[in-house]
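To keep things clear, I will list the structure first and then write my remarks on it.
The values are calculated or read from the model by the stated rules, or taken from the named source; none is laboratory data. This is a predicted model, so every value here is computed, not measured. Reconstructed Cβ throughout: ideal geometry from the backbone, glycine too, with neighbour counts over all protein chains shown. To get the accessible areas, we keep the full protein, side chains included, count just its heavy atoms, and leave off ligands, DNA and RNA. Shrake-Rupley method; radii C 1.70, N 1.55, O 1.52, S 1.80 Å.
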Amino acid sequence: MRRTGAKIGAVGTIALLAVCLTACQQQEVPQPHVTNTAEEVVTQNQYATIAQQTEQALADADKKGDANALTARIGQPARAQRTAQYKLRSLKSDTKISTFAIDAQAAAVSSGAAYPRSLVAFGAPTDGQNQRTLTAWQQENARANYQLWGQVSLFPTVELPTLASTLDDAAGYPKLNAGNYLTDPATVTAAYAAYNASQKVSGVPFQKDDPVFTQLKGQLDALRQNVGNFGTISMSFADSGTAPVVVSTDDRGLVVIGEMKYSTKYESKSRVQPITFKGTPESLMLSGSKDNPDVEVTVDKPLTSEFSLLVAFYIPAKNAGETVQVIGASSNVLESVKVD
């Protein structure tokens, strides 16, 4: 007897490289502002060199599809995300690699003189999209290179804060007094993961229904409808544990960029009615098949797809605002697929 069950096609699976971006386009894009460039810590010429070397390293590695070509200019989590994209492109040659918009002439802001240092710069829109970007680097110590941390696209629907360089000499910046802010910047990513998991605002007062939350919730609802009564779909969320990027704003607030990991778990209700993936990243990664849009993988055991997503937050100073805003995000990156 032929087993029947739910079939998930390329459209039905979690949308790769699209989360948060397509629904946020507008004709008018508010222009961000920068006060006090990072010249006290990184001169404009030094920043230009960092930006150019980063761009060249990405271009060389993208052309080869080889993470080993990324050089020491590319750090985490950017390196892990790029490596995952190269792996998927080796199975599906038309896989789009995330484009980094890096402007060597952009104004950059710094977290200060103490280590680890964060450096953040604005980038112009790219790939026909009208979002501006924030690109972040970190330097662990005086002997280390500034390494690319990652890039997020800014949502045009939010009021962008004005960033300001600081010269904070406290060891281990951002070693901040959490009581000076609406919420603790060290735990905001974990709190946001909990908000997505529960789908309820509690504890940290996130502005409701931001683009990231809305799209992830919508994708979960769509997948559940696709699977129907043949199985169950669940999502889990967590802070990756990677140290966030933190820079100041001129109103005594902070912009924090953190990495959130999330996973989608598919479970069939019985072996008689399994879940089949056809032409999806999951089917390609599990089968090892290359450039085969018709490849099918049928699973009657739980299957988990794991993703990485960078999220940018604006945290106002204490008593200066009532909500924590999600101001931007990266595209999501599928990092692994496993069957229990």
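Structural remarks
- Strands (runs of 3 or more DSSP E) within region 269-325 that include 3 or more residues within 20 Å of the chain's Cα centre (by Cα) and surrounded by 14 or more Cβ atoms within 10 Å (Cβ to Cβ): 303-315
- Each residue in region 213-250 was checked for being without any contact (Cβ under 8 Å) to a residue 40 or more places away in the chain and either in contact with a His (Cβ under 6 Å, 6 or more places away or on another chain) or outside any loop (DSSP other than H, G, I, E, B) (or both), and 10 of them qualify.
- Selection from region 57-80 of residues that are open to solvent by 10 Å² or more (accessible area, probe 1.4 Å), within 21 Å of Val152 (Cα to Cα) and either charged (D, E, K, R) or touching a strand residue (DSSP E or B) at 6+ places or on another chain (Cβ under 6 Å) (or both): Asp62, Arg73, Arg79
- When Ser110, Ser118 are checked against the criterion of being surrounded by 21 or more Cβ atoms within 10 Å (Cβ to Cβ), more than 26 Å from Ser336 (Cα to Cα), polar (S, T, N, Q) and within 19 Å of the chain's Cα centre (by Cα), Ser118 stands alone in meeting it.
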